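The values are calculated or read from the model by the stated rules, or taken from the named source; none is laboratory data. As the structure is a computational prediction, the values presented were derived from the model and not from experiment. Areas reflect the complete protein model, heavy atoms only, side chains present, ligands, DNA and RNA absent. Shrake-Rupley method; radii C 1.70, N 1.55, O 1.52, S 1.80 Å.
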Amino acid sequence: MYLFPDIAEKVSEEIRGVTHGNRMLQIADRRHLPFTEAVWKESLRWNPFIPMGIPHVNNQDEVINGYRIPKGSLIGQNFGYMLIDPKVWGDPDVFRPERFLFTEGSEGSDPSTLPNPTEVIFGYGIRVCP
């Protein structure tokens, strides 16, 4: 958050509002921290710590978008591109956590239509991280 002190201050204010500055955060607090959650997602999206996923091998022949992928093919996920694709994110180089917040009556994309960066990074295959 060093690069975005105004956003860091908003996160700090939101956390203080929930904890009143006198206790540690708890898992149950997460639903009361929408901006903090949005910053977490945008941080993972804007600068993924792992640009390529761990390779997987498919166990059966597949056809995806007309492409045949034979059984035993090595498949790698390119998180680095998935999370900065301008067709999906519009302005991928801009750190904008608000893209993950729904504001009643606002113009623009619905955040529920955007990929969740935590699922993109941690959510592939049989051994999905919880």
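Within the range 87-97, can one find any residue that is assigned to a helix (DSSP H, G or I) and open to solvent by 50 Å² or more (accessible area, probe 1.4 Å)?
Checked against the condition, which is being assigned to a helix (DSSP H, G or I) and open to solvent by 50 Å² or more (accessible area, probe 1.4 Å), the range 87-97 yields at least one hit.
Which condition from (1) modelled with pLDDT of 95 or more; (2) open to solvent by less than 70 Å² (accessible area, probe 1.4 Å) is the one that His32 breaks?
For His32, the failing item is (2).
Just name the residue that is nearest to Asn47 (Cα to Cα) out of those in the range 14-29 that are open to solvent by less than 100 Å² (accessible area, probe 1.4 Å) and charged (D, E, K, R).
Within the range 14-29, the match that is nearest to Asn47 (Cα to Cα) is Glu14.
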